[in-house]
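One structure is given here, and the rest of the page talks about it.
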Amino acid sequence: MDSGKWLIKVLLLCFLFGFTVSTDTITPNHSVKDDGSLIVSGGKVFALGFFTPGSSNYRYVGIWYNQVPQRTVVWVANRDNPIDDNSGVLSI
């Protein structure tokens, strides 16, 4: 089988089965913005992103369990310095 046909079949399978390529790494070229963007761990256990706890008006950067219905935050980066709007960006 030539490589062009093989590539088309692989892409078609990925499309049909809904496979996506995601990253679990922050790099200088890939930041996390406060627009719903998340970084999900390779095993899909944890997510990193911006969130607002409870009835707060502030935004925080944190890590939480990804597949638990009730968000359970396990780490907060800016606990003492929350953001008061959605302009946050986490980058390296």
Amide H to amide H, which residues 5 or more places from Tyr58 or on other chains are under 5 Å from it, using H placed in the peptide plane? none
What nm distance separates the two modelled labels at Val40 and Ile26, each placed 7 Å from Cα along Cα→Cβ? 1.9
Leaving out ligands, DNA and RNA, what percent of the accessible area of the stretch 39-91 is carbon and sulfur, probe 1.4 Å? 48
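The values are calculated or read from the model by the stated rules, or taken from the named source; none is laboratory data. What you see is a predicted model; the values in this text were computed from it and never measured. We place every Cβ from the backbone using ideal geometry, glycine too, and count neighbours over all the protein chains shown. Only protein heavy atoms, including side chains, enter the accessible area calculation; ligands, DNA and RNA are left aside. Shrake-Rupley method; radii C 1.70, N 1.55, O 1.52, S 1.80 Å.
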